[in-house]
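Participant: This is the structure I have questions about; it appears just below.
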Amino acid sequence: MPDPSAAVSRAPGPRGLPLLGCVLPFRKDPIGYLMDAWSRYGDVVRLNIRGKTVHLVTRPEHIEHVLVHGRRTYFKGYGYDDQKLLLGEGLITSEGELWERQHRIMQPFFTPVGTVRFMEVMVSTITDMLARWVPLADGGRVIQVDEEMARLTGNIIVRILFSRDLNDETSRIDEAFQYCVGFIDRRSADLIALPMSMPSSANRRFRQCLRNIHRYIDERIDERRDHPGEEDLLSVLMNARDEETGVRMDRRQLRDELVTLFVAGYQTTMHALTWTWYLLDRHREAAERLWAEQHSILNGRLPGMESVHELSYSRMVFQEAMRLYPPIKVIVREAAADDEIDGYRIPARSLVLVSPYITQRHPALWENPETFNPERFTPEQTERRSRYAYLPFSAGPRICLGGNFAMLEAVLVLAMVIREYRLQLVPGHPVEPSMALKTWPLYGMPMTLHRPE
Ligand code: HEM
């Protein structure tokens, strides 16, 4: 443990404007601004964002210190206040004993073995999508791949959670979710957001959407209590007990966890898959290798649990896509006490940012970081790197609960889709990732479907 009193210097960084600090350029282009600050000031940068001290740390050893060993020093803190408006006290936002208990209850369902139960739903939902694509492909129609991946991953999570489909009713709820997520993303980037008590039209709409979401989830809980039987995640979580205390979740906690799983369960994977299809179109040799892998392992069969493990190139392609386009670009922590990183003082109550986007493009950690190269993820190459150079799912105790779920889903999607189609970007369409805190394609991802030769 470093001795904070020995740390005297203040980390370098831009001064910004009096009072506002760097809020204006940060709000305009958060990741661009952080990238620029990092390239000008180095691996620990101090920023002032509207009176708040914020440090960006980009090196694996500092990231490990904050996310893994700083458990008592760093916590999620006020950087997650906006998220709480939607997620309540679900796993992403809760802290302390509540988080520990909830994690004990939920984690067993998301281990590599636990996720096996979701595979059948994943495979059948992908099969449905492929059937829907047949006339689109035959008619040479353009599909919006970002929307298709959102619909697919949304359908998977709704089926897994509630045994339902994204029909008219759930689509309305999905829209409410989209609004709430967008509202919170805007608030988080703003840092000068209006208080929620102000009756602005955006605040009112947010509250209305949230009420609709809560009503929908409460109905599902009542339905399942009155008619148990479906073996979906809702039933499993309703009946799950904490093995240490024997406690079950009350209705409010269950609702917060379901909202959390819904949002976390597809808002991330859909973006990662969209970028994977884009990269595979730019790198046809990788698409060919992916096709060959599924052909030799599946040979026309649907994937099963054993064959999924053998689809190692599919896994590597998805990992590399998440290196270049991590769905979550910034992870935030609050310092509980004064600390020191690399000789720089980190004051209590200040925020520390870890950016998968920046660290995963750090030239000291990655050779030719801008180049797409799935070979970086062979076991040998992975072994040679720090575990904390690659963080799409974060690290430490608050690592993503759904990492195994997302990897399984992605490998299935890649293998099953590539067997049928090559996806080609509409020629000349501009593709640019949003530099906001999430990574979506700013102008969409229109593509056409082609049968492999
Ligand atoms: C490619 C897909 C995904 C990515 C890149 C991703 C990324 C992340 C990251 C970076 C965090 C840490 C956030 C933080 O510390 O602020 C996180 C947490 C979390 N994720 Fe994911 N996620 C993905 C998919 C999923 C899925 C499919 C689920 C559930 C079905 C899920 C559930 C969660 C939960 C519950 C947490 C909170 C864990 C805790 O604090 O105990 N995620 N995710």
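Participant: Please count how many residues of the range 349-382 are in a helix (DSSP H, G or I), surrounded by 11 or more Cβ atoms within 10 Å (Cβ to Cβ) and not aromatic (F, W, Y).
Facilitator: 8
Participant: Would you confirm, using the coordinates I've provided, whether F377 is of a type outside the set (S, T, Y) and in contact with a Gly (Cβ under 8 Å, 6 or more places away or on another chain)?
Facilitator: Judged against the criteria, F377 is not a match.
Participant: Hey, any hits in the range 134-150 for a residue that's in a helix (DSSP H, G or I), surrounded by fewer than 19 Cβ atoms within 10 Å (Cβ to Cβ) and in contact with a Phe, Trp or Tyr (Cβ under 8 Å, 6 or more places away or on another chain)?
Facilitator: Within the range 134-150, one or more residues are in a helix (DSSP H, G or I), surrounded by fewer than 19 Cβ atoms within 10 Å (Cβ to Cβ) and in contact with a Phe, Trp or Tyr (Cβ under 8 Å, 6 or more places away or on another chain).
Participant: Could you identify the single residue in L194, L210 that is loosely packed, with under 15 Cβ neighbours inside 10 Å, among the hydrophobic types (A, V, I, L, M, F, W, C) and within 30 Å of K52 (Cα to Cα)?
Facilitator: L194
Participant: Taking E453, is it part of a loop (DSSP other than H, G, I, E, B) and not aromatic (F, W, Y)?
Facilitator: Yes.
Participant: Then there is this: Of the residues that make up the range 358-378, is at least one in contact (Cβ under 8 Å) with a residue 60 or more places away in the chain, within 16 Å of the ligand (Cβ to nearest atom) and under 19 Å from M35 (Cα atoms)?
Facilitator: Yes - at least one qualifying residue is present in the range 358-378.
Participant: Going through the range 320-347 one residue at a time, which ones are acidic (D, E) and either part of a strand (DSSP E or B) or closer than 30 Å to P379 by Cβ (or both)?
Facilitator: Answer for the range 320-347, where residues must be acidic (D, E) and either part of a strand (DSSP E or B) or closer than 30 Å to P379 by Cβ (or both): E320, E334, D339, E340.
Participant: What are the pairs with Cβ atoms under 9 angstrom where one residue, in the range 416-433, is closer than 11 Å to P446 by Cβ and the other, located anywhere, is among the hydroxyl-bearing types (S, T, Y) and crowded, with 16+ Cβ neighbours inside 10 Å? Sequence gap at least six, or different chains.
Facilitator: L423/Y278; L423/T448; Q424/T448; L425/Y278; L425/T448; V426/T448; V431/Y278
Participant: Here is a follow-up. Does P397 satisfy the criteria of being without any contact (Cβ under 8 Å) to a residue 24 or more places away in the chain, loosely packed, with under 14 Cβ neighbours inside 10 Å and not small (G, A, S)?
Facilitator: no
Participant: Still on this model: Within the range 234-242, is even one residue more than 16 Å from the ligand (Cβ to nearest atom), of a type in the set (G, A, S) and not in a helix (DSSP H, G or I)?
Facilitator: No, there is no match, as no residue in the range 234-242 is more than 16 Å from the ligand (Cβ to nearest atom), of a type in the set (G, A, S) and not in a helix (DSSP H, G or I).
Participant: Here is a list of conditions, (1) away from the ligand (no atom under 16 Å from the Cβ); (2) under 22 Å from the mean Cα position of the chain (by Cα), and P228 meets all of them except one; can you say which number that is?
Facilitator: (2)
Participant: Within the range 69-90, can one find any residue that is in a helix (DSSP H, G or I), out of contact with any helix residue (DSSP H, G or I) (no Cβ under 7 Å at 6 or more places or on another chain) and on the phi > 0 side of the Ramachandran plot?
Facilitator: yes
Participant: If you don't mind, there's one more thing I want to ask. Listed residues R104, R72, R117; which is more than 19 Å from the chain's Cα centre (by Cα) and within 11 Å of the ligand (Cβ to nearest atom)?
Facilitator: R104
Participant: In addition: Could you tell me how many of the residues in the range 56-73 are at pLDDT 95 or above, more than 17 Å from H362 (Cα to Cα) and surrounded by 18 or more Cβ atoms within 10 Å (Cβ to Cβ)?
Facilitator: 3
The values are calculated or read from the model by the stated rules, or taken from the named source; none is laboratory data. In this text, all values refer to a predicted model and were calculated from it rather than measured experimentally. All Cβ positions, even for glycine, are placed from backbone atoms using ideal geometry, and neighbour counts span all protein chains on display.
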